[in-house]
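Everything below concerns the one structure shown next.
The numbers here are math on the coordinates, done by the rules we state, and not lab data. Since we're looking at a predicted model, the values are computed, not measured. Note that each Cβ is placed from the backbone with ideal geometry, even for glycine, and that neighbours are counted across all protein chains shown.
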Ligand code: ACM
């Protein structure tokens with residue numbers, strides 16, 4: 001459809017109701033009414049806070065004539081298509097992708113000092129240019145651009161709005177390379193569509209790692225061809241006795257590519273040697289006594305263990321890791337290792353000494369929960385710290401010592417960024433074993449200085465886990481993740497120098513209308529000055 005094809009029927013309609021229009025005094029013949037000119041979002045009003053913002057000059061106004069100008073590469077064109085896909089429904093503008101012309105929104109790759117994920121956004125009256133040295137940087141720049149437009153841009157129907165982007169320059173790059181979120185799909189199973197929705201929410205805040213907790217006592221969620229009962233039997237349960245579910249290998253591959261198209265890497269976790277009742281229930285031979293326990297639908301932890309002394313255990317682990325590694329283009333494979341309360345310490349160490357080389361053999365980097373630091377973390381392994389302020393000094397020191405010896409850390413302190421912790425005692429969902437975690441507490445800590453005795457260079461990033469004992473729907477996920485997830489994302493992305501609760505809470509509040517437009521129901525924390533209306 002050409003521009004004229006689109007405008008002709010409107011002109012005819014206007015002529016046909018000339019009297020009415022004249023009486024209303026709102027239209028000039030054949031022209032759209034001017035949209036209300038609201039305030040322009042300041043360049044700094046973005047979550048995560050950009051590294052550097054230089055406001056100045058007149059804004060750019062998106063119009064029916066705006067094109068999305070992309071460099072020749074297919075990947076830049078794809079990022080441009082993603083941007084246009086967000087902007088077209090709400091603006092109603094055609095926003096064609098083109099390699100020609102001037103002005104408009106330009107996505108441009110060039111060699112420069114942007115790093116793997118950084119970008120520059122320049123906005124002025126003739127256009128907006130995003131520049132990066134890799135497509136991931138352009139994608140993150142697109143998220144910034146999106147947040148600079150009115151929240152109504154997120155709606156999927158045409159909105160009558162003034163689509164302006166403030167003038168100036170944003171130069172941005174992440175503090176940490178690993179900015180993660182974990183979704184527990186074991187305690188309750190979440191469908192492919194539900195996981196896709198969460199991936200879209202992560203991308204908006206420049207989160208680049210999705211850790212999928214694929215196995216636990218209550219359910220095994222990934223089809224393993226060499227051990228079909230894991231998913232076929234061990235997948236058919238969940239907390240509370242629901243039917244559970246699992247991802248076929250094709251579905252898992254789809255999720256991996258859906259995430260990759262949003263520059264999110266999937267980190268699959270098979271938790272072991274504890275948290276393994278679903279596997280033990282599926283195959284009697286994995287149990288030391290050769291007897292399969294029943295499937296489990298409760299919420300206790302620490303009662304299950306793979307049989308460390310049996311060779312079949314390592315055949316099982318090798319097969320699972322081989323298949324999962326083949327399905328996963330990402331660099332990491334998470335082997336759990338938490339709460340192995342039914343495994344002796346000696347067995348735990350023996351198990352981890354045998355399993356870590358299997359992960360390496362299949363070409364993946366190891367991530368384990370921080371209890372791995374009590375064994376012998378392999379060279380290059382990352383430990384995911386999930387302790388609390390109140391965790392013993394000895395346990396913290398064990399982690400710090402591993403960090404000084406070269407083990408990288410991902411920080412997920414449970415009394416800060418476990419998104420399943422209740423906000424207050426009245427929060428209807430979630431747990432409280434790590435405490436009540438309001439929005440300010442969740443945001444107000446520094447990953448670089450969090451654990452005493454840890455060199456800053458050992459901290460590889462921040463991850464916000466979301467455990468699903470109490471969560472069944474996307475609405476449940478949204479309510480616990482928002483507004484804390486953007487804070488964890490900011491801790492991972494933004495320079496420490498930008499950290500300030502008083503300015504953060506204002507930027508966070510400005511996200512509320514965007515979540516409303518996206519259909520994300522969130523906790524209206526009284527700590528945050530949400531806009532009224
Ligand atoms: C954990 O919360 N058990 C890692």
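Entry note, the chain: relative contact order of 13 percent, from Cα contacts under 8 Å with a spacing of 6+ residues. When each of the peptides 365-378, 55-68 is scored by how many other beta carbons lie within 10 Å of its residues on average, the order from highest to lowest is 365-378, 55-68. Of the beta bridges in the chain, as assigned by DSSP with both residues counted there, near 30 percent are antiparallel.
So for segment 387-526, Kirkwood radius off the Cα pairs, Stokes-Einstein at 10 °C and 1.306 mPa s: how many µm² s⁻¹?
Details: Rh = 15.9 Å.
Diffusion coefficient, whole number: 100 µm²/s.
In the chain, helical runs assigned H by DSSP with n ≥ 4 each contribute -39500 (n - 2.57); averaged across all residues and rounded to the nearest 500, the mean residue ellipticity at 222 nm is -10000 deg cm²/dmol. For segment 239-293, the Cα-based Rg and Dmax, in that order, read 15.4, 46 Å. With an a/c value of 1.5 or above and a/b larger than b/c for the gyration tensor axes a ≥ b ≥ c computed over the alpha-carbon atoms, the chain is described as prolate.
Over every pair of different alpha-carbon atoms in segment 492-533, take the mean of 1/r and invert it; report that Kirkwood radius in Å.
On the way: mean 1/r = 0.0877 Å⁻¹.
It works out to 11.4 Å.
Please report 307, 288 as a ranked list, fewest other C-beta atoms within 10 angstrom at the top and most at the bottom. Walk me through the numbers on the way to the answer.
Details: 307 21, 288 13.
Result, fewest neighbours first: 288, 307.
For segment 48-172, the relative contact order works out to 36 percent when only alpha carbon pairs closer than 8 Å and six or more residues apart are counted. Checking the a/c ratio against 1.5 first, then a/b against b/c, what shape does the Cα gyration tensor give for segment 448-519? Taking the square roots of the gyration eigenvalues as a ≥ b ≥ c, segment 448-519 is oblate. What is the helix-to-structure angle for 3-16, meaning the angle in degrees between its Cα long axis and the longest Cα principal axis of the chain, kept from 0 to 90 and rounded to the nearest 10? Roughly 60 degrees between the two axes.
For segment 182-319, count all C-alpha to C-alpha pairs, find those more than 24 Å apart, and express that count as a whole percent of the total. Walk me through the numbers on the way to the answer.
On the way: 2833 of 9453 pairs.
Cα-Cα pairs of segment 182-319 separated by over 24 Å account for 30 percent.
The value of relative contact order for segment 362-475, using C-alpha pairs under 8 Å at least six residues apart, is 26 percent.
Could you line up 86, 335 from fewest to most neighbouring Cβ atoms inside 10 Å?
Final ranking by Cβ density, sparse to dense: 86, 335.
Put in order of Cβ neighbour count within 10 Å, fewest first, the listed residues 516, 415, 502 become 502, 516, 415.
With a/c under 1.5 counting as rounded, go ahead and sort segment 188-229 into rounded, prolate or oblate using the C-alpha gyration tensor (a ≥ b ≥ c being the square roots of the eigenvalues; past the cut-off, prolate if a/b is larger than b/c, else oblate). Taking the square roots of the gyration eigenvalues as a ≥ b ≥ c, segment 188-229 is prolate. If a spin label sat at a point 7 angstrom from the Cα of residue 309 along the line to its beta carbon, the backbone N atoms of segment 277-295 nearer than 11 Å would be those of 288-289.
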